[in-house]
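Structure first, commentary second.
The values are calculated or read from the model by the stated rules, or taken from the named source; none is laboratory data. Values in this document were obtained by computation on a predicted structure and should not be read as measured data. With ligands, DNA and RNA removed, areas are computed over all heavy atoms of the protein, side chains included. Shrake-Rupley method; radii C 1.70, N 1.55, O 1.52, S 1.80 Å.
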Amino acid sequence: VAARAPVALPRADSLVADATTALENGRPWQASRLIARVLSDSTRRTPDAVMLAATAASRWGGWPEVSRLLDHQPWVDSAYEGRGRLLLARAALEQGDDAAALRHVLAAPSPNTAAADGERLVLLARALDRLHARDSAAASYRRAADRLPTIAGWLWIRAAALTDDSLARAGLYQQVADPLARERIGWSEAAAYAGAGDLVRASGRYVALGARATALRLRLASSPDSVRRAAVRRDLTALITARRSPGEVRDAIALLDSAFAPLTAAEELEVGRAAGTSGSVLRAVTAYERALATGLGTSQDRFDYATALTRLGRQADAAPQFALVRAPRELAGAAAYQRARALVRGGQEPLGRVALERLLKLYPRDTSAASSALFLLGDLAADDRADPEARGYYRQVVLRDPTSRFAPTAAFRAATIALLAGDAARSAAEFEALAARYPRSDESGAATYWAGRAWHAAGDTATARARWQTLAAGDPGSYYTGLAFRRLGLSDWTPPAAADSFVAIPGPDSAMARAALLARLGLLPESRWEYDRLLRQSDTSSERLLSLAHAFRRDGLASQAAQLARRALVLGAPSDARTYRLLYPVLLEDALLAEAREHGLDAGFVAAVIRQESMFNPTATSAVGARGLMQVMPDLGSRLAQSMGYPTWDPVLLYQPDVSLQMGAYHLQELTGRYAQTVHVLAAYNAGVSRVERWSQRIGVDDPEVFTERIPFAETRGYVRAIQRNQDIYRSLYAWAAP
């Protein structure tokens, strides 16, 4: 997070003025794009323009750009109160050039205020720390604490970690009054011993703190002889095998790889097993490949290896691995299904169908595998517009194993096909039976709504209205509640009006200010701890929770705000517009409205997409690598950047809110130009154009509600439903989102 000192630059040039306004409105990338046009003209490339460009780049994380712009500028120390020199120092730190960072900080002129000098001293301390100048770094942190009293406790803790003398450390700890900062004293002590070279004692401290991987790293550094290294190697493998926490597993694997590669086949097998459950899918694949090639591993390992391949999209490689799993019989049945599924997803659909039919013959008593196979065969038949055949498969799922996880969805799809085929009475009966039999399933509300549609089609409008009235009285955030309101001819649900008025919470407000300052200084762990403490509060006052949620929203942390607002609702907070604006927030409202307008989109629709994609968290990253507010993949971002004429491109830009807004809106505009129906646009944004083209061939999907229900992917189906309901609620909360 870059320092956000006021820009206060002259605005004689209209583009400079526009860029300054964009920066002040929280759109640093827009400022960069505007100012790039100024910088390309040598007659307009003034120090004001360069400084503005560097400031903007610092706020979207473009540290190489900051260095390029400011390095060797003759005015960097004499103008703008030396902020240019401090930007260069921060840029060097972020790029790992610690010597340059130190050089820049030492060259910076003394700031005019204590706060500015405190920020300079923190940068100096960080550079000295990285350069192992421990005493000087500790002294700089202590001096910074005098100038930044609100975060002094954290700075004393950092200073203590760099202080060799135990009595001096104790004196620093005595000054730390904040309980949260005091919780870190043990960690500071461990770091102090490690920094002083007492690695054995530091290792013991980290073991006591539960940081076993860190302790083993220190043991390794202090154990040059082969016997001790072998002991560390065994302990690392044992730690990986124990799998106490994903983060610890990842750290242990990284240390094992860096210190002892190449690993033995047995070690690779343990790494594969642990990496697959700790989120390191690629490492799991390479580990399994090496271990299985030597003959090690069980059938379960082979199955897990193949599963990891599917998670990487390597369907063609996964299918033959699943085929090698032949025992035990229960696992073999599951492997046979996954092989068929991999064939289908890998573009070998005819072979996949054959594999599914063969599975039903080979494993007729394996109800789980058989239900999975029948369900997938039903989906494939529906893609082929062979709805009677699809219905037959779905009905078999329900009849053969009514307790299967597929049974409620299979029953729903079978009843939907009956309705589309004109057999409304049968469809209504099946929807009713589904709602009664599986009241806790995800399909229960859907079944009640579609029972109403089926009764209506059968001519029983009274029963139809009764079903919709049941839904209309339920959860206002439900997709089916919104549909029911429309079927009943009612105006959309609107929460009672309430102004955004909140009780004062001095303590949490101070903590929010501390967290923001820590983040601005690059002290990110401490900033996260401050925010986490606020989220962990066990306050039972719904009003205080709403006030805290408002503070998080004000600081741009909308997902945390929504989390707190949900807790407040459980504790009795009113379901009014004030609460719902926290549950359905908007950040960077001006930028959102501007991008929606520029790309011909409904602003409420864009807000609804962002809420579902990231809950307005600009740093969100999905399991597959999508980034930012609108979850744009880096490869798509690169293509869009070229199409949109970006002057420079870096994937880090996807974490910049205004970039994500711009790219997401641009991509939505592309899709709205391709599809007439909103549901198709949403499905394509989530699952891709090729899948939507396939789903669009299904029977009955000219009706948007039917299209939504016939999306075979549960994630995409839920996504399309949720965004449509989100848009309804945004329209009820914000005047600019109203139709």
Query - Residue-by-residue Karplus 3J(HN,Hα) for the stretch 144-156, coefficients 6.51, -1.76, 1.60, Hz, glycine and proline x - result: 5, 4, 5, 8, 10, x, 5, 10, 4, x, 5, 6, 5
Query raised in the report: Based on the Cα coordinates of the stretch 299-372, what is the per residue volume of their convex hull in Å³?
Result: 68 Å³
Query raised in the report: With no solvent and one point per C-alpha, what does the Debye sum give as log10 I(q)/I(0) for the stretch 436-569 at q = 0.13, 0.17, 0.18 Å⁻¹?
Result: -0.71, -0.87, -0.92
**Report entry** Degrees, to the nearest 10: 558-570 long Cα axis against longest axis of the chain
**Finding:** 60 degrees
Query raised in the report: Given a cut-off of under 8 Å on Cα pairs at least six residues apart, what relative contact order in percent is computed for the chain?
Result: 7 percent
Report task. Rounded to the nearest Å, what's the spacing between the alpha carbon centres of the stretch 672-709 and the stretch 488-542? Just the number, please. Result -> 37 Å
Query - Cα pair count fraction exceeding 54 Å, expressed as % - the chain - result: 19 percent
**Report entry** For the stretch 494-643: relative contact order, % (alpha-carbon pairs under 8 angstrom, 6 or more apart)
**Finding:** 18 percent
Query raised in the report: Let a ≥ b ≥ c be the square roots of the eigenvalues of the Cα gyration tensor of the stretch 8-86; is it rounded (a/c under 1.5), or, if not, prolate (a/b larger than b/c) or oblate?
Result: rounded
Query - Relative pair counts by distance (%), Cα atoms of the stretch 225-355, 10 Å bins - result: 13, 38, 29, 14, 4, 1
Report task. Give the shape of the stretch 103-172 as rounded, prolate or oblate, defined through the alpha-carbon gyration tensor: a ≥ b ≥ c are the square roots of its eigenvalues, a/c under 1.5 means rounded, and otherwise the shape is prolate if a/b is larger than b/c and oblate if not. Result -> oblate
**Report entry** Average silhouette area of the stretch 413-508, convex hull of alpha-carbon atoms, in square nanometres
**Finding:** 8.7 nm²
Query raised in the report: From the square roots a ≥ b ≥ c of the eigenvalues of the alpha-carbon gyration tensor of the stretch 180-291, which class results: rounded (a/c under 1.5), prolate (a/b over b/c), or oblate?
Result: oblate
**Report entry** Cα-based helix-to-principal-axis angle, 603-614 vs the chain, degrees rounded to 10
**Finding:** 80 degrees
Query raised in the report: Taking 0.36 nm per residue of separation and subtracting the Cα-Cα distance, what length does fully extending TRP75 through SER575 add?
Result: 174.4 nm
Query raised in the report: For GLU389, what accessible area in Å² do you get when you roll a 1.4 Å probe over the heavy atoms of the protein chains, rounding to the nearest 10?
Result: 90 Å²
Query raised in the report: Hey, what angle do you get for helix 329-345 against the long axis of the chain, alpha-carbon based, 0 to 90 degrees rounded to 10?
Result: 80 degrees
